[in-house]
Amino acid sequence: MTRLWLSALIVLALASCQREDTDYLTINGKIFIFNVRLSKAYYALNLNRLAGVPDGAKVTAEFENPAGGPPLTVTKKVFPNMARIDFQSPDLDCIVADKPYAITITLRDPAGKEMQTIKTTLASTLDQTVMPEQALVRGNAYDKNPAAYDAEGHVKFRTACAAQG
């Protein structure tokens, strides 16, 4: 009988040591998007909203700027029935392949109190040299952009960025 009580006490002690932090958001996906046609690249981040996130809360994603300088910041308000929160960064330059870039996600309640912070990284398998110098098309009809091509009709690609070292 003593062993039973001792086992029960150990189980209760271990249960009380469980993490009390609550996850309100989880990362569903993160990727660099390279739109070669428009010569633009950006971060795309998807979060799942879990139970306990109040309507009116705000989620801020800070993306490391591959070109240097302060992080690129995007904030979204949480609305009722919003199960997923999608982010797209401003356009990027100077992306280096296989370099991990920092992303910080902060959830704040409607009063501004921090509820959760997630820190992660994202590395691209490509760098900016796969991108044309200018958009390959222009206008609503996607007309060919002559400035994106050299005299022989080949695409003029970007070179490595000075910030890449």
Legend entry - Candidate set: the stretch 75-90, residues that are more than 14 Å from Ile118 (Cβ to Cβ) and open to solvent by less than 30 Å² (accessible area, probe 1.4 Å); chosen: the one nearest to the chain's Cα centre (by Cα): Ser89
Inset, instruction - Would you check if there is a residue in the stretch 91-98 being within 13 Å of the chain's Cα centre (by Cα), in contact (Cβ under 8 Å) with a residue 24 or more places away in the chain, surrounded by 17 or more Cβ atoms within 10 Å (Cβ to Cβ) and under 16 Å from Thr26 (Cα atoms)? - result: no
Inset, instruction - Looking only at the stretch 125-165, count how many residues are hydroxyl-bearing (Ser, Thr, Tyr), exposed (fewer than 15 other Cβ atoms within 10 Å of the Cβ) and in contact with a Leu (Cβ under 9 Å, 6 or more places away or on another chain). - result: 1
Legend entry - Hey, Thr117 in contact with a strand residue (DSSP E or B) (Cβ under 8 Å, 6 or more places away or on another chain) and more than 20 Å from Tyr42 (Cβ to Cβ) or not: yes
Legend entry - Residues of the stretch 103-157 that turn out to be part of a loop (DSSP other than H, G, I, E, B) and aromatic (Phe, Trp, Tyr), as a count: 1
Inset, instruction - Inspect the stretch 101-110 for any residue being open to solvent by 60 Å² or more (accessible area, probe 1.4 Å), of a type in the set (S, T, N, Q) and closer than 23 Å to Tyr43 by Cα and give the result as yes or no. - result: no
Legend entry - Filter result for the condition that a residue is more than 19 Å from Asp127 (Cβ to Cβ) and modelled with pLDDT under 95, over Leu12, Leu47: Leu12
Inset, instruction - Find all pairs meeting these conditions: Cβ atoms under 9 angstrom apart; at least six residues apart or on different chains; first residue within the stretch 28-42 and closer than 11 Å to Leu92 by Cβ and open to solvent by 20 Å² or more (accessible area, probe 1.4 Å); second residue part of a strand (DSSP E or B) and charged (D, E, K, R). - result: Ile33/Lys40; Phe34/Lys40
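Any chance you could count how many residues in the stretch 84-102 are in a loop (DSSP other than H, G, I, E, B) and basic (Lys, Arg)?
1
The values are calculated or read from the model by the stated rules, or taken from the named source; none is laboratory data. Not measured: the values here are computed from a predicted model. Neighbour counts run over all protein chains shown; Cβ positions are idealised from the backbone, glycine included. These area figures cover heavy atoms from the full protein model, side chains too; ligands, DNA and RNA do not enter into them. Shrake-Rupley method; radii C 1.70, N 1.55, O 1.52, S 1.80 Å.
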